[in-house]
Amino acid sequence: MVAIAEQEELLWLALRLTPQLGARRAVDLIEKFGSPGAIFQLESRDLEGAGLPAGVARSIEAGSVIDDALEQQRLLRSTGTEIVTYFDDRYPALLKQIYDPPLVMFARGRVELLEGPNVAIVGTRRPSAYGTTVADRFSRELSDAGVTIVSGMARGIDTAAHKATLAVAGKTVAVLGCGVDVIYPAENKNLAAQIARDGLLLSEYPMRTPGYPQNFPVRNRIVSGLSHGVMIVEGAQYSGSAITARLALDQGREVFAVPGNITSKQSWGPNLLIRQGARLVQEPSDVLCDLPLEARQKLRASGRQKLLMPENEAEHPMQALRAKVMQALPYDVPLAMDELIQKLNTGGMVSTSELIAILFDLELEGIVRQMPGKAYAKVWH
């Protein structure tokens, strides 16, 4: 399903707006009855028989939210927004794995960016110069490697991550705690407009929903749920980024933390996460190498696409780089990723994404083995 008919869209919106009807219960109803249209044709006693409270059943039977749904549909058209429903082919499989995935997401921009692979970069709203620099660098280099950067468009680290990604024409998704037509914070008006054009604004909240404080911890489950891994740059021990990290752990996602100054309160969050088992990261390659297999396979394909020339070329650069990697790697002493890049770059620039693609292929073929500390060595045969 790439797009849905206007009437069907209206009924999806009505289902989303029905008071006291949670996403999980709505999904169960659709799986039982087939579609929102079929649900709105039922009598209240049938809906109560399906497990709905009497008040919710009567609300659906009366169609009491249809006028609100019509207004939402008008706002969708006027802002270039579309909805992605739970049963839409574009709905991310990763997000369906969480405990309470949203029934409907409001999407403004490039919906295809939901495909990933995604890494969330989040942190404090009051970063140090160090934190801003780290968020900028990791966002740029991960974007160059083909990763989509997910964040929440909040002040501070989130804003730095989005801006750095857009600066290198990378892919970014902003998950909002308000409607996608509401600018929050207000100073990010221009950033929101650029993301709507070149990236994706995403929210589970209907149009014109203000940025209520209680919305933001709830939306954090989507930030982590969309992502293969979550990276915490700076944040206090009980900050929003710490909440996102805990959600990521509950969802089975990789959690990466950038170590910080032990005397700074902004470092307490990531430093504590590292003590509790989060992966300490110092280089973007640390993130890339620890992503799940599915994500690394997508990045490998992306790296190959960047490297390969048209078929009529005599030699593929991928093969030439592969030979250089094999020549540079030792058998006995593992070589760290940054040392390998430095060694290869004596004869020309090699990007991290290109190297990840090569090393992943060599690992699959059993020619190279990854060792602790993101180091690599050739395998004796």
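The values are calculated or read from the model by the stated rules, or taken from the named source; none is laboratory data. Everything quoted here is computed from the prediction, not taken from an experiment. Please note: Cβ atoms are built from the backbone with ideal geometry, for glycine as well, and neighbour counts cover all protein chains shown.
Residue-by-condition table, conditions (1) without any contact (Cβ under 8 Å) to a residue 40 or more places away in the chain; (2) over 17 Å from Ile149 (Cα atoms):
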{"residue": "Leu70", "(1), (2)": "no, yes"}
{"residue": "Leu75", "(1), (2)": "no, yes"}
{"residue": "Ser78", "(1), (2)": "yes, yes"}
{"residue": "Thr85", "(1), (2)": "no, yes"}
{"residue": "Lys96", "(1), (2)": "yes, yes"}
{"residue": "Asp100", "(1), (2)": "no, yes"}
{"residue": "Val104", "(1), (2)": "no, yes"}
{"residue": "Arg108", "(1), (2)": "no, no"}
{"residue": "Glu112", "(1), (2)": "yes, no"}
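Taking the criterion of being within 25 Å of Leu95 (Cα to Cα), among the hydrophobic types (A, V, I, L, M, F, W, C), assigned to a loop (DSSP other than H, G, I, E, B) and in contact with a strand residue (DSSP E or B) (Cβ under 9 Å, 6 or more places away or on another chain), would at least one residue in segment 270-279 satisfy it?
Yes, segment 270-279 contains a residue that is within 25 Å of Leu95 (Cα to Cα), among the hydrophobic types (A, V, I, L, M, F, W, C), assigned to a loop (DSSP other than H, G, I, E, B) and in contact with a strand residue (DSSP E or B) (Cβ under 9 Å, 6 or more places away or on another chain).
So which residues in segment 190-218 are charged (D, E, K, R) and either closer than 12 Å to Ala120 by Cβ or touching a Leu at 6+ places or on another chain (Cβ under 7 Å) (or both)?
Asp198, Arg208
Return the residues of segment 157-181 that are over 18 Å from Arg110 (Cα atoms) and surrounded by fewer than 22 Cβ atoms within 10 Å (Cβ to Cβ); say none if nothing qualifies.
Cys178
Here is a check on your reading of the model: is Thr352 crowded, with 19+ Cβ neighbours inside 10 Å and at pLDDT below 80?
Criteria met by Thr352.
Which of (1) more than 21 Å from Leu280 (Cβ to Cβ); (2) assigned by TED's automatic domain parsing to the domain that holds Asn188 is the odd one out, the single condition Pro127 does not satisfy?
Among (1) more than 21 Å from Leu280 (Cβ to Cβ); (2) assigned by TED's automatic domain parsing to the domain that holds Asn188, the lone unmet condition for Pro127 is (1).
Checking the condition β-branched (Val, Ile, Thr) and closer than 18 Å to Thr148 by Cα, which residue from Val258, Val287 passes?
It is Val287.
Sort out which residues of segment 288-301 are assigned to a helix (DSSP H, G or I) and either in contact with an Asp or Glu (Cβ under 8 Å, 6 or more places away or on another chain) or among the acidic types (Asp, Glu) (or both), and write them in order of number.
Glu294, Arg300
Pairs, please: C-beta under 9 Å, at least 6 apart or cross-chain, first residue in the same structural domain as Thr148 (by TED's automatic domain parsing) and in segment 208-228, second among the basic types (Lys, Arg) and assigned to a loop (DSSP other than H, G, I, E, B)?
Cβ pairs passing all conditions: Ser224/Arg253; Gly225/Arg253; Ser227/Arg253; His228/Arg253.
From Leu321, Leu307, which residue is closer than 21 Å to Ala377 by Cα, modelled with pLDDT under 90 and of a type in the set (A, V, I, L, M)? I'd like the intermediate steps shown before the answer.
Working: Leu307 fails: closer than 21 Å to Ala377 by Cα.
Of Leu321, Leu307, the one residue that is closer than 21 Å to Ala377 by Cα, modelled with pLDDT under 90 and of a type in the set (A, V, I, L, M) is Leu321.
Cβ-Cβ under 6 Å, sequence separation 6+ or interchain: first residue in segment 128-139 and in contact (Cβ under 8 Å) with a residue 40 or more places away in the chain, partner among the charged types (D, E, K, R). Which pairs?
That search, which allows pairs on different chains as well, returns Gly131/Glu234.
Output yes when any residue across segment 237-246 is over 17 Å from Asn118 (Cα atoms), modelled with pLDDT of 95 or more and either charged (D, E, K, R) or part of a helix (DSSP H, G or I) (or both), and no when none is.
There is no residue in segment 237-246 that is over 17 Å from Asn118 (Cα atoms), modelled with pLDDT of 95 or more and either charged (D, E, K, R) or part of a helix (DSSP H, G or I) (or both).
Please specify each residue of segment 193-203 satisfying the condition of being surrounded by fewer than 22 Cβ atoms within 10 Å (Cβ to Cβ) and either in contact with a strand residue (DSSP E or B) (Cβ under 9 Å, 6 or more places away or on another chain) or within 23 Å of Leu70 (Cα to Cα) (or both).
Step one: filter segment 193-203 for residues surrounded by fewer than 22 Cβ atoms within 10 Å (Cβ to Cβ), giving 193-194, 196-198.
Selection gives Ala196, Arg197, Asp198.
Looking at (1) part of a helix (DSSP H, G or I); (2) small (Gly, Ala, Ser); (3) surrounded by 22 or more Cβ atoms within 10 Å (Cβ to Cβ), which is the only condition Gly146 fails?
(1)
Looking only at segment 88-109, which residues are of a type in the set (Phe, Trp, Tyr) and either modelled with pLDDT of 95 or more or buried (at least 19 other Cβ atoms within 10 Å of the Cβ) (or both)?
Filtering segment 88-109 for residues of a type in the set (Phe, Trp, Tyr) gives 91, 99, 106.
Matches in segment 88-109: Tyr91, Phe106.
So that you can scan it fast, the table gives a plain yes or no per residue for (1) within 33 Å of the chain's Cα centre (by Cα); (2) surrounded by 14 or more Cβ atoms within 10 Å (Cβ to Cβ); (3) not aromatic (Phe, Trp, Tyr):
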site: Leu11; (1), (2), (3): yes, yes, yes
site: Ala14; (1), (2), (3): yes, yes, yes
site: Gln20; (1), (2), (3): yes, no, yes
site: Lys32; (1), (2), (3): yes, no, yes
site: Glu48; (1), (2), (3): no, yes, yes
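Going by the structure shown, is Val223 assigned to a helix (DSSP H, G or I), at negative phi and surrounded by fewer than 21 Cβ atoms within 10 Å (Cβ to Cβ)?
So Val223 does not fit the description; no.
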